[in-house]
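Colleague: The structure is given below, and queries will be raised subsequently.
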Amino acid sequence: MHFLSRTQEISAFCALALVLVVLELVRRRRLSEEFSLLWVVASLAMAALGFSTPLLQAVTRGLGIRYESSTAFAFGVAFGIVMMLHMAVQLSRLGRENHTLTRELALLRHELEAQGGTHAPLGRPEAGASGTGGRA
């Protein structure tokens, strides 16, 4: 196996290590399958470019880039931008869901109070119920 530089060799092995880390995170349920697919595909693409010098050179020439290391860097930057955009979309969706749930909770509390019921604030026991004056 012929590497153009030590950097290519290191990036190829790091990409393989990243695939293993991602798979372990999925196995431990610390990373969802939705995100793991993006990470595995990107890592395998970087490993393929790292281990296949002719492929790296062909992609570099095809993109009109001068140095092979710049191609690897450009792929990394592109992946970072795609992941940030994906996370921003997810964050926006979660913000909307949070806002909707907050409104629904407020309406339910209002209906409960209108019916004459009492309730403890969420996450806190009734005062005196635990003998600590509402503090845990």
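Colleague: What are the residues in segment 1-28 that are in contact (Cβ under 8 Å) with a residue 24 or more places away in the chain and in contact with a Lys or Arg (Cβ under 9 Å, 6 or more places away or on another chain), if any?
Modeller: Listed by number, the list is empty, since nothing qualifies.
Colleague: Turning to a different aspect of this structure: Looking at segment 52-76 only, could you name the residues that are in a loop (DSSP other than H, G, I, E, B) and either buried (at least 17 other Cβ atoms within 10 Å of the Cβ) or aromatic (Phe, Trp, Tyr) (or both)?
Modeller: Across segment 52-76, the qualifying residue is only Tyr67.
Colleague: Does segment 22-37 include one or more residues that are over 18 Å from Met87 (Cβ atoms), of a type in the set (A, V, I, L, M) and under 20 Å from the mean Cα position of the chain (by Cα)?
Modeller: Yes, the conditions are met somewhere in segment 22-37.
Colleague: Here's something else I'd like to know. Could you list, in sequence order, all residues of segment 7-25 that are farther than 18 Å from Phe75 by Cα and modelled with pLDDT under 90?
Modeller: none
Colleague: Please find, within segment 1-51, the residue that is surrounded by the most Cβ atoms within 10 Å (Cβ to Cβ) out of those that are of a type in the set (Ser, Thr, Tyr) and part of a loop (DSSP other than H, G, I, E, B).
Modeller: Ser5
The values are calculated or read from the model by the stated rules, or taken from the named source; none is laboratory data. Predicted model only: the values in this text are computed from it and were never measured. Backbone-built Cβ (ideal geometry, glycine too); neighbour counts: all protein chains shown.
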